[in-house]
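The structure appears below as C-alpha coordinates.
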Amino acid sequence: MSFLRVVRIIGLALLIVTAVNAHAAGASRGWAVHWQPQRLVNGSPIALRVSVPAHLESLSGKWLEHDVHFSFDTQGNFWYAIAGVPLETVPRKYALTLQGKASSGKEYSFQQAIPVGKGKYRQIKITVPKQFTEPSPEQLKQIEEDKELKHRVFAKSEPGREWTGDFLPPVGAAISDVFGTARVFNGETQSVHQGLDFGVPQGTAVKALNRGKVVLAQPLFFEGGFVVLDHGQGLMSMYMHLSKIEVKEGDIVSRGQQLALSGGTGRATGPHLHIAVRWEGVYLDPAVLLRLDLPNPSP
(Lines give C-alpha, C1' and ligand atoms only; values in the text may rest on other atoms or scores of the structure.)
Protein backbone atom coordinates (compact mmCIF):
# COMPACT_ATOMS: atom_id res chain seq x y z
CA MET A 1 0.00 0.00 0.00
CA SER A 2 1.41 3.38 -1.04
CA PHE A 3 2.10 6.13 1.44
CA LEU A 4 -0.40 8.39 -0.34
CA ARG A 5 -3.17 5.80 -0.01
CA VAL A 6 -2.46 5.40 3.70
CA VAL A 7 -2.76 9.16 4.14
CA ARG A 8 -6.08 9.16 2.29
CA ILE A 9 -7.46 6.34 4.46
CA ILE A 10 -6.40 8.12 7.64
CA GLY A 11 -7.94 11.35 6.37
CA LEU A 12 -11.23 9.59 5.58
CA ALA A 13 -11.31 8.04 9.07
CA LEU A 14 -10.79 11.45 10.66
CA LEU A 15 -13.64 12.88 8.60
CA ILE A 16 -15.96 10.09 9.78
CA VAL A 17 -15.00 10.62 13.42
CA THR A 18 -15.51 14.38 13.04
CA ALA A 19 -18.94 13.82 11.48
CA VAL A 20 -20.01 11.49 14.29
CA ASN A 21 -18.86 13.95 16.93
CA ALA A 22 -20.63 16.81 15.16
CA HIS A 23 -23.85 14.75 15.04
CA ALA A 24 -23.61 14.03 18.79
CA ALA A 25 -23.05 17.72 19.53
CA GLY A 26 -25.98 18.66 17.31
CA ALA A 27 -28.24 16.15 19.10
CA SER A 28 -27.63 17.88 22.43
CA ARG A 29 -27.96 21.39 21.02
CA GLY A 30 -31.05 23.12 22.42
CA TRP A 31 -31.36 20.91 25.51
CA ALA A 32 -30.87 22.48 28.93
CA VAL A 33 -31.43 20.77 32.28
CA HIS A 34 -31.55 22.75 35.52
CA TRP A 35 -32.09 21.31 38.97
CA GLN A 36 -32.51 22.41 42.57
CA PRO A 37 -31.11 22.18 45.12
CA GLN A 38 -27.85 22.77 43.26
CA ARG A 39 -25.97 20.57 45.74
CA LEU A 40 -27.88 17.32 45.68
CA VAL A 41 -27.38 14.69 48.41
CA ASN A 42 -28.78 11.28 49.25
CA GLY A 43 -32.29 11.58 50.68
CA SER A 44 -33.06 14.82 48.86
CA PRO A 45 -35.94 15.63 46.52
CA ILE A 46 -34.94 17.28 43.25
CA ALA A 47 -36.89 19.77 41.16
CA LEU A 48 -36.11 19.50 37.45
CA ARG A 49 -36.62 22.07 34.68
CA VAL A 50 -35.91 21.03 31.11
CA SER A 51 -35.76 23.17 27.97
CA VAL A 52 -36.01 21.17 24.74
CA PRO A 53 -34.89 21.78 21.13
CA ALA A 54 -38.37 21.36 19.59
CA HIS A 55 -42.07 21.58 20.38
CA LEU A 56 -42.79 18.29 22.15
CA GLU A 57 -46.07 16.57 22.82
CA SER A 58 -44.66 14.64 25.77
CA LEU A 59 -41.48 14.28 27.83
CA SER A 60 -40.57 11.44 30.16
CA GLY A 61 -37.47 10.62 32.14
CA LYS A 62 -35.58 7.93 33.98
CA TRP A 63 -33.57 8.73 37.11
CA LEU A 64 -31.95 6.20 39.44
CA GLU A 65 -34.14 3.46 37.91
CA HIS A 66 -37.33 5.43 38.67
CA ASP A 67 -39.77 6.97 36.19
CA VAL A 68 -39.91 10.77 36.16
CA HIS A 69 -43.18 12.39 35.02
CA PHE A 70 -42.92 15.83 33.43
CA SER A 71 -45.51 18.59 33.02
CA PHE A 72 -45.23 21.54 30.63
CA ASP A 73 -45.24 25.17 31.76
CA THR A 74 -46.74 27.19 28.92
CA GLN A 75 -45.70 30.53 30.42
CA GLY A 76 -42.06 29.59 31.04
CA ASN A 77 -41.88 27.28 28.00
CA PHE A 78 -40.15 24.47 29.90
CA TRP A 79 -40.93 20.99 31.24
CA TYR A 80 -40.75 20.36 34.99
CA ALA A 81 -40.95 17.49 37.46
CA ILE A 82 -40.17 16.40 41.01
CA ALA A 83 -37.94 13.37 41.59
CA GLY A 84 -35.72 12.20 44.44
CA VAL A 85 -32.54 10.49 45.59
CA PRO A 86 -32.92 7.41 47.83
CA LEU A 87 -31.18 7.68 51.20
CA GLU A 88 -28.91 4.70 50.39
CA THR A 89 -27.58 6.26 47.15
CA VAL A 90 -23.77 6.19 46.86
CA PRO A 91 -22.24 9.63 46.10
CA ARG A 92 -21.23 9.99 42.42
CA LYS A 93 -22.69 11.25 39.14
CA TYR A 94 -25.91 9.69 37.83
CA ALA A 95 -27.50 10.05 34.39
CA LEU A 96 -30.94 11.57 33.95
CA THR A 97 -32.27 10.06 30.71
CA LEU A 98 -34.90 12.06 28.82
CA GLN A 99 -37.22 10.89 26.03
CA GLY A 100 -39.39 13.35 24.12
CA LYS A 101 -41.92 12.93 21.33
CA ALA A 102 -43.22 15.56 18.91
CA SER A 103 -46.73 15.57 17.40
CA SER A 104 -45.16 14.47 14.11
CA GLY A 105 -43.98 11.29 15.79
CA LYS A 106 -40.32 12.30 15.78
CA GLU A 107 -38.51 11.25 18.92
CA TYR A 108 -35.79 13.10 20.83
CA SER A 109 -33.47 11.87 23.56
CA PHE A 110 -30.88 13.38 25.86
CA GLN A 111 -28.79 12.46 28.91
CA GLN A 112 -27.62 14.77 31.67
CA ALA A 113 -25.13 13.69 34.34
CA ILE A 114 -26.13 15.03 37.78
CA PRO A 115 -23.76 14.77 40.77
CA VAL A 116 -25.04 13.42 44.10
CA GLY A 117 -23.13 14.13 47.32
CA LYS A 118 -23.33 12.62 50.79
CA GLY A 119 -25.72 14.13 53.34
CA LYS A 120 -24.80 14.55 57.02
CA TYR A 121 -27.25 12.74 59.28
CA ARG A 122 -27.10 12.35 63.05
CA GLN A 123 -28.11 9.78 65.70
CA ILE A 124 -30.35 10.24 68.73
CA LYS A 125 -31.47 8.03 71.62
CA ILE A 126 -35.14 7.74 72.57
CA THR A 127 -37.00 5.93 75.36
CA VAL A 128 -40.51 4.79 74.49
CA PRO A 129 -43.05 2.44 76.14
CA LYS A 130 -41.96 -1.20 75.92
CA GLN A 131 -45.01 -2.15 73.82
CA PHE A 132 -43.55 -0.23 70.86
CA THR A 133 -40.25 -2.15 70.86
CA GLU A 134 -41.59 -5.48 72.18
CA PRO A 135 -45.22 -5.66 70.98
CA SER A 136 -47.58 -8.43 72.16
CA PRO A 137 -48.97 -11.07 69.74
CA GLU A 138 -52.18 -9.03 69.40
CA GLN A 139 -50.20 -5.90 68.65
CA LEU A 140 -48.02 -7.77 66.15
CA LYS A 141 -51.19 -8.78 64.32
CA GLN A 142 -52.32 -5.15 64.19
CA ILE A 143 -48.87 -4.05 62.99
CA GLU A 144 -49.00 -6.62 60.17
CA GLU A 145 -52.49 -5.50 59.16
CA ASP A 146 -51.33 -1.87 59.14
CA LYS A 147 -48.35 -2.85 57.00
CA GLU A 148 -50.59 -4.52 54.40
CA LEU A 149 -52.91 -1.51 54.37
CA LYS A 150 -50.04 0.92 53.77
CA HIS A 151 -48.66 -1.33 51.04
CA ARG A 152 -51.99 -1.15 49.19
CA VAL A 153 -52.26 2.62 49.62
CA PHE A 154 -48.67 3.35 48.59
CA ALA A 155 -48.93 1.09 45.53
CA LYS A 156 -51.42 3.43 43.83
CA SER A 157 -50.88 7.05 42.84
CA GLU A 158 -52.82 9.31 40.50
CA PRO A 159 -51.06 9.36 37.10
CA GLY A 160 -51.62 13.10 36.70
CA ARG A 161 -50.06 15.91 38.71
CA GLU A 162 -52.27 17.07 41.60
CA TRP A 163 -49.80 19.43 43.32
CA THR A 164 -49.37 23.01 42.18
CA GLY A 165 -46.88 25.64 43.28
CA ASP A 166 -44.54 25.59 46.27
CA PHE A 167 -45.08 23.13 49.12
CA LEU A 168 -46.08 24.85 52.37
CA PRO A 169 -45.15 24.00 56.00
CA PRO A 170 -47.93 22.06 57.78
CA VAL A 171 -47.68 24.18 60.94
CA GLY A 172 -46.16 27.51 61.90
CA ALA A 173 -43.50 26.09 64.19
CA ALA A 174 -39.81 25.23 64.23
CA ILE A 175 -38.53 21.79 63.24
CA SER A 176 -37.63 19.74 66.33
CA ASP A 177 -36.12 16.67 64.62
CA VAL A 178 -34.75 16.38 61.11
CA PHE A 179 -34.80 13.80 58.33
CA GLY A 180 -32.21 11.00 58.26
CA THR A 181 -31.60 10.73 62.01
CA ALA A 182 -30.71 7.21 63.17
CA ARG A 183 -33.14 6.54 66.01
CA VAL A 184 -32.03 4.36 68.93
CA PHE A 185 -35.14 3.15 70.77
CA ASN A 186 -34.44 1.89 74.29
CA GLY A 187 -30.76 1.32 73.49
CA GLU A 188 -31.24 -0.41 70.12
CA THR A 189 -31.03 1.16 66.67
CA GLN A 190 -34.33 0.28 65.05
CA SER A 191 -35.02 2.88 62.39
CA VAL A 192 -33.96 5.95 60.50
CA HIS A 193 -36.17 9.01 60.93
CA GLN A 194 -37.71 9.39 57.48
CA GLY A 195 -39.47 12.70 58.00
CA LEU A 196 -39.63 15.91 60.04
CA ASP A 197 -40.90 16.54 63.55
CA PHE A 198 -42.50 19.79 64.64
CA GLY A 199 -42.67 20.39 68.39
CA VAL A 200 -46.25 21.68 68.58
CA PRO A 201 -48.71 21.21 71.47
CA GLN A 202 -51.70 18.90 71.12
CA GLY A 203 -54.58 20.46 69.20
CA THR A 204 -52.46 22.48 66.75
CA ALA A 205 -54.06 22.81 63.30
CA VAL A 206 -52.24 20.65 60.71
CA LYS A 207 -52.43 21.81 57.08
CA ALA A 208 -51.82 20.14 53.73
CA LEU A 209 -48.39 20.68 52.18
CA ASN A 210 -50.02 20.92 48.77
CA ARG A 211 -53.09 19.99 46.77
CA GLY A 212 -53.87 16.29 46.78
CA LYS A 213 -56.29 13.44 47.34
CA VAL A 214 -56.79 11.87 50.78
CA VAL A 215 -55.99 8.17 50.33
CA LEU A 216 -55.73 7.20 54.01
CA ALA A 217 -57.29 8.80 57.09
CA GLN A 218 -57.37 6.57 60.18
CA PRO A 219 -55.34 5.60 63.27
CA LEU A 220 -52.57 2.98 62.98
CA PHE A 221 -50.38 1.34 65.64
CA PHE A 222 -47.10 3.19 65.10
CA GLU A 223 -48.37 6.29 63.29
CA GLY A 224 -51.33 7.03 65.56
CA GLY A 225 -53.83 9.31 63.84
CA PHE A 226 -52.61 9.09 60.23
CA VAL A 227 -53.43 10.99 57.02
CA VAL A 228 -51.86 10.34 53.62
CA LEU A 229 -52.24 12.71 50.65
CA ASP A 230 -51.55 11.62 47.07
CA HIS A 231 -50.14 14.55 45.08
CA GLY A 232 -50.00 12.54 41.87
CA GLN A 233 -47.17 11.06 39.80
CA GLY A 234 -45.93 8.93 42.70
CA LEU A 235 -45.57 11.80 45.21
CA MET A 236 -47.28 11.51 48.62
CA SER A 237 -47.18 13.34 51.96
CA MET A 238 -47.97 11.82 55.37
CA TYR A 239 -49.10 13.35 58.68
CA MET A 240 -48.78 11.33 61.91
CA HIS A 241 -49.60 11.22 65.65
CA LEU A 242 -52.78 13.23 65.07
CA SER A 243 -55.33 13.63 67.86
CA LYS A 244 -58.22 14.40 65.51
CA ILE A 245 -58.66 13.76 61.77
CA GLU A 246 -60.86 16.25 59.93
CA VAL A 247 -60.83 14.80 56.39
CA LYS A 248 -61.97 11.51 54.94
CA GLU A 249 -60.61 9.18 52.30
CA GLY A 250 -61.47 10.35 48.79
CA ASP A 251 -61.48 14.07 49.66
CA ILE A 252 -59.59 16.46 47.37
CA VAL A 253 -57.86 19.04 49.55
CA SER A 254 -56.21 22.30 48.56
CA ARG A 255 -52.76 23.53 49.49
CA GLY A 256 -52.84 24.87 53.06
CA GLN A 257 -56.23 23.31 53.89
CA GLN A 258 -56.63 22.07 57.47
CA LEU A 259 -56.48 18.27 57.68
CA ALA A 260 -56.36 17.49 61.38
CA LEU A 261 -55.20 18.46 64.87
CA SER A 262 -51.79 17.42 66.18
CA GLY A 263 -51.36 15.04 69.10
CA GLY A 264 -49.17 12.36 70.62
CA THR A 265 -50.87 9.17 69.43
CA GLY A 266 -49.02 6.06 68.20
CA ARG A 267 -45.30 5.61 68.89
CA ALA A 268 -44.58 9.07 70.26
CA THR A 269 -42.78 10.39 73.31
CA GLY A 270 -45.18 13.31 73.56
CA PRO A 271 -47.35 15.67 71.50
CA HIS A 272 -45.77 16.68 68.18
CA LEU A 273 -46.37 16.47 64.46
CA HIS A 274 -44.42 14.10 62.23
CA ILE A 275 -44.61 14.52 58.45
CA ALA A 276 -43.03 12.40 55.73
CA VAL A 277 -42.72 12.64 51.95
CA ARG A 278 -42.63 9.61 49.69
CA TRP A 279 -41.82 9.55 45.95
CA GLU A 280 -41.96 6.35 43.88
CA GLY A 281 -41.56 4.32 47.08
CA VAL A 282 -38.60 6.41 48.32
CA TYR A 283 -38.70 8.59 51.44
CA LEU A 284 -37.28 12.09 50.91
CA ASP A 285 -36.33 15.02 53.13
CA PRO A 286 -39.48 17.19 53.50
CA ALA A 287 -37.37 20.19 54.60
CA VAL A 288 -35.76 20.33 51.15
CA LEU A 289 -39.15 19.96 49.42
CA LEU A 290 -40.45 22.95 51.40
CA ARG A 291 -37.55 25.09 50.08
CA LEU A 292 -37.99 24.29 46.38
CA ASP A 293 -39.10 27.07 44.02
CA LEU A 294 -41.78 25.40 41.89
CA PRO A 295 -44.05 26.46 38.98
CA ASN A 296 -47.63 27.36 39.86
CA PRO A 297 -49.90 26.42 36.92
CA SER A 298 -53.35 24.94 37.32
CA PRO A 299 -53.31 21.17 37.92
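Just a few scattered comments:
- For Pro91, neighbours were defined as the other residues whose beta-carbon sits under 14 Å from its Cβ, and their charges (Lys and Arg +1, Asp and Glu -1) total +4.
- Pairs of alpha carbons in the stretch 189-299 separated by more than 25 Å make up 15% of all such pairs.
- Loop-located trypsin sites (Lys or Arg not before Pro) across the stretch 237-299 with a Cβ neighbour count of 11 or fewer within 10 Å are Lys248, with loop assigned by DSSP.
- Diffusion coefficient of the stretch 187-239 by Stokes-Einstein, Kirkwood radius over Cα pairs, 20 °C, 1.002 mPa s: 165 µm²/s.
- Carbon + sulfur, % of accessible area of the stretch 155-299 - ligands and nucleic acids excluded, 1.4 Å: 48 percent
- The stretch 50-105, accessible area per residue, ligands and nucleic acids excluded (1.4 Å, Å²): 52 Å²
- The orientation-averaged shadow of the Cα convex hull for the stretch 32-97, equal to a quarter of the hull surface, comes to 4.5 nm².
The values are calculated or read from the model by the stated rules, or taken from the named source; none is laboratory data. Quick caveat, the model's predicted, so the values are computed rather than measured. Glycine also receives a Cβ, built like all others from the backbone with ideal geometry; neighbour counts cover every protein chain displayed. Remember, those area values only see protein heavy atoms, side chains included, never the ligands or the DNA or RNA. Shrake-Rupley method; radii C 1.70, N 1.55, O 1.52, S 1.80 Å.
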